[in-house]
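Have a look at the structure below, then the notes.
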Amino acid sequence: MVVEILFQEVCGLYGDSQNATYLQATLPEAQFVFTPLTQVPYFVDHTPNLIYIGCMSESTQRKVIEKLMPYKERIIELIDNGTTILATGNAGEIFSKEIHYVTENIHMDALGIFDLTTKTDLFKRYNGMVLGQLDEIKIVGFRSQFSFLYGDNSNCYFLKCLRGDGIHPGSQLEGMRKNNLICTHLIGPILPLNPLLCEYLLQLCGISAEAAYRASALDAYTQRLAEFSDPKVSFDPQ
C-alpha cells in the first residue's frame, strides 16, 4: 500500500499532521511518500492507495491551488477511478468552485470538483464542535476556521450533523464527498479521535486493518462520544 502525504511542511495546522502519524502507526508496512510543496506530486505519475492533505493558512491555500491546478485533470481521473483522498480543515476548500477571500478582497478559482463557493473572512473566526453520522459510525470532531462553504451539498455531503453546524451555520450537512474523495472541516486530528473512521477509510482503499492502539483509541473515542451526546454540553460556536 502506498500513502501520499501532500505538503505536510505547510499543511499540518491544528495537529492535522498527526493524521499521517496515526496512519503510519496503523500501516507500518505501507510506503509513505511525503511530497513537499516544491516537488511534483507522486500521484501525477503513480496511483497511491490513499492521499492525505491537512489544514493550512489562507496564503498557503492559494499556493496549493496554484500548485495543483495544472494537475486538475489527473485529480479528476483519480477521483473518478475511486482513489481514496482525505482533506481536513480548510484543505477541502481547494476542491470547491471558487474562494472569496473577503478580508483581502481576493477571488480565486479553485479546482471545481464541487459546485460550492468558499467565503473566507479573517476577522471572523468560528470555533465549534460536531457530532455527525457516517453510515453506522458516529464521528466527533472540532472546528476552528475563518471560512464557510455555500451552495447545495445535499448530494455530496460527508456527514449528517446530529449536533453542530454543517458547511455553514444552520446547515446540517458537513463536508463534501465524491466517490472516495472526502473533504471535512473537522480538525483535531480526526483519525486518532475516530479510530472507526480510520478503519473505514482503509476499507475504501480495500485494506482490512485495525486502527493503531485500537483499545485505547476506542476508549477515548467512547468517552468523547458520551460527552458530545450529553445535552448539557453546549455546541454553541465561540
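Cross-link partners of K72 among lysines, defined as those whose alpha carbon lies under 16 angstrom from its own and excluding same-chain residues fewer than eight positions apart: K63, K97, K178.
Note on the chain: with charges restricted to the Cβ of Lys and Arg (+1) and Asp and Glu (-1), its dipole about the Cα centre is near 340 debye.
Taken one residue at a time, the phi angles of region 134-145 give Karplus couplings (6.51, -1.76, 1.60, θ = phi - 60°) of 10, 6, 9, 9, 8, 10, 10, x, 10, 9, 8, 7 Hz. Gly and Pro are set to x. For F32, the amide hydrogen comes within under 5 Å of the amide hydrogens of V3, counting only partners 5 or more places away or on other chains and with H modelled in the peptide plane. Classify the chain from the C-alpha gyration tensor, please: rounded if a/c falls under 1.5, else prolate or oblate depending on whether a/b exceeds b/c. It is oblate, given that a/c is not under 1.5 and a/b is not larger than b/c. Separation of region 163-196 from region 63-90 is 18 Å, based on Cα centroids. Which whole-number percentage describes the relative contact order of the chain, with Cα contacts under 8 Å and a sequence gap of 6 or more? Relative contact order here is 19 percent. Ranking L204, Q223, L186 by Cα position along the charge dipole of region 148-238, where only Lys, Arg, Asp and Glu carry charges on their C-beta atoms, puts L204 farthest toward the positive end. Between the residues L131, F95, I53, the greatest Cα displacement towards the positive end of the dipole of region 2-135, with unit charges on the Cβ of Lys, Arg, Asp and Glu, is found for L131.
Mind running the shape call on region 40-137? Use the C-alpha gyration tensor, a ≥ b ≥ c as the square roots of the eigenvalues: rounded below 1.5 for a/c, prolate if a/b tops b/c, oblate otherwise. Here region 40-137 falls in the oblate category. 3J(HN,Hα) along region 116-129, derived from phi through the Karplus expression 6.51 cos²θ - 1.76 cosθ + 1.60 where θ = phi - 60°, amounts to 10, 10, 9, 10, 10, 10, 6, 8, 10, 8, 10, 10, x, 10 Hz, with x in place of Gly and Pro. Taken about its Cα centre, region 1-66 carries a charge dipole of roughly 80 debye when the Cβ of each Lys and Arg holds +1 and the Cβ of each Asp and Glu holds -1. Straight-distance candidates among the aspartates and glutamates for linking to K67, with alpha-carbon spacing under 19 Å and chain neighbours fewer than 8 residues away dropped: E4, E9, D45, E58, E77, E93, E98, D109. Shape call for region 134-238 from the C-alpha gyration tensor, a ≥ b ≥ c root eigenvalues: rounded (a/c under 1.5), prolate (a/b greater than b/c) or oblate? It comes out oblate by the Cα gyration axes.
In loop segments of region 63-139 as defined by DSSP, the GluC sites (Glu not before Pro) with at most 16 further C-beta atoms inside 10 Å of their C-beta are E104, E136.
Readers should treat all values here as calculations from the given coordinates under stated rules, not as data from a laboratory. Everything quoted here is computed from the prediction, not taken from an experiment. For neighbour counting, all protein chains shown are included, and Cβ atoms are generated from backbone atoms with ideal geometry for every residue, glycine included.
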